[in-house]
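Novice: My questions will all concern the structure given below.
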Amino acid sequence: MTRYYSATAQDTTLTSSVTNSSTSIVVAATTGYPTSYPFILALDYNTSAEELVAVTNVSGLTLTVTRAYNGTTAQAHAVGAVVRHVITAQDLTDAQNHYGLTSGVHGVTGSVVGTTDTQTLTNKTLTAPIIAMSINAQTGTTYTLVAGDAANFVTLSNSSAITLTVPLSTFAIGQVISIQQIGAGQITIVAASGVTITSLGATSTSPQTRAQYSAASIVCLGTNTFTVIGDII
C-alpha cells in the first residue's frame, strides 16, 4: 500500500472522544497534513495508549480512519489526546524489504530496465532472442509469395516446372525470403507487374534454381525491387 507524508504536518488534538470502534475522528486542525491518502496518524502520541490509524479521507476537520494500524490496538481516546503525523515500523520494514528484492523492484516484474525511459546500460550481456524460421511447404506448380513468407523458408516440390511469383507492394526493404527446390521441378522466379528482379543468373530477370535441392534467397532491395542470390542459373 502506498502511503503519503508531509514534512510540515503540525501536531493537533482530538476535539471529540473516540471509542475503540469509531471509524472517524475529529481534530482541532489539519495544518500541513498530506492531501493524498492514506497517511498515518498516532493518537495519544508517545503514551501507553498510543494507537496508529490510517487516514483514508479528510472532510474539514473530520478524518475517516482505519483503526489499529501496524499491529497497534484499537482503544478509546479522550478529548485533548495528542495527534501526530508519523512514519511507522511498516514504512521502515517495507523499505528494507525493497532493498533486498532481486525481482519485482518498483513494481516491475522480471526486469529493472525501464521500457519508456532513456537509460545507459553497463556491464550487461545482451542475448539476441532465438527466432525459429517457419517452413511453408508448397506442392503445386505455381505459388505467389505472401507477406508471411518474409524471414521464413518456402519449399517448393513438384515433378513439373514451378513458377514462383514475387508480388507487388508486399515486402519491405531489407526483408528476405528463402526458397528451396525440393522436387525435380525447376523453380522459375518471376516478377509480378510493377516488380523488378535482378540476379547473376543467365536469365537474370527470371532466375531459375539449378537442380533439385538448390536454394536461393530473394532480397527486397527497394520498393518492389528484388535481387535473387543462391544456387541459380
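Novice: Send over the per residue convex hull volume for segment 52-101, Cα only, as a whole number of Å³.
Specialist: 97
Novice: Take His85, His98 and order them by how many other Cβ atoms sit within 10 Å, fewest up front. Can you show the working numbers first?
Specialist: Values: His85 23, His98 11.
Listed from fewest to most nearby Cβ atoms, that is His98, His85.
Novice: Just the projected area, averaged over all directions, of the convex hull on the alpha carbon atoms of the chain: how many nm²?
Specialist: Mean orientational projected area (the chain, Cα hull): 22.6 nm².
Novice: In whole Hz, with x marking every Gly and Pro, tabulate ³J(HN,Hα) for segment 40-53 from phi via Karplus 6.51 cos²θ - 1.76 cosθ + 1.60, θ = phi - 60°.
Specialist: Rounded to whole hertz, the list is 10, 10, 9, 9, 6, 3, 6, 10, 5, 9, 4, 9, 9, 10.
Novice: Relative to the longest principal axis of the C-alpha atoms of the chain, give the angle of the C-alpha long axis of helix 89-99, reported between 0 and 90° and rounded to the nearest 10°.
Specialist: Taking Cα atoms only, the helix is inclined about 20 degrees.
Novice: Dimensions of segment 12-92 along principal axes (Cα, Å, largest first)?
Specialist: Reported extents, whole Å, longest axis first: 28, 26, 20.
Novice: Another one. In the chain, what percentage of the DSSP-assigned beta bridges are antiparallel, given to the nearest 5?
Specialist: Details: 33 of 53 bridges.
Antiparallel bridges: around 60 percent, rounded to the nearest 5.
Novice: Then there's this: Ordered by residue, what ³J(HN,Hα) values in Hz, to whole numbers, does segment 56-70 give under the Karplus form 6.51 cos²θ - 1.76 cosθ + 1.60, where θ = phi - 60° and Gly and Pro are x?
Specialist: Using θ = phi - 60°, the values come out as 10, 6, 10, 10, x, 9, 9, 10, 7, 9, 9, 7, 6, 6, 6 Hz.
Novice: Could you state, as a whole-number percent, how many of the C-alpha pairs of segment 142-181 are farther apart than 12 Å? Please report the intermediate quantities before stating the final value.
Specialist: On the way: 462 of 780 pairs.
That tail contains 59 percent of the Cα-Cα pairs.
Novice: Turning to a different aspect of this structure: Run through all the Cα pairs of segment 135-230 and give the fraction in each 10 Å bin from 0, expressed as whole percent.
Specialist: Final binned percentages: 19, 57, 24, 1.
Novice: Which percentage, to the nearest 5, of the DSSP beta bridges contained in segment 135-230 is antiparallel?
Specialist: Details: 12 of 32 bridges.
DSSP beta bridges in segment 135-230 are roughly 40 percent antiparallel.
Novice: For Leu200, Leu43, which order do you get if you count the other beta carbons within 10 Å of each Cβ and list the fewest first?
Specialist: Details: Leu200 12, Leu43 26.
Neighbour counts put them in this order, fewest first: Leu200, Leu43.
Rule-based calculations on the coordinates, nothing more; no lab input. Remember, it's a predicted structure, so these values are computed and weren't measured experimentally. Glycine gets a Cβ as well: all are built from the backbone with ideal geometry, and neighbour counts include every protein chain shown.
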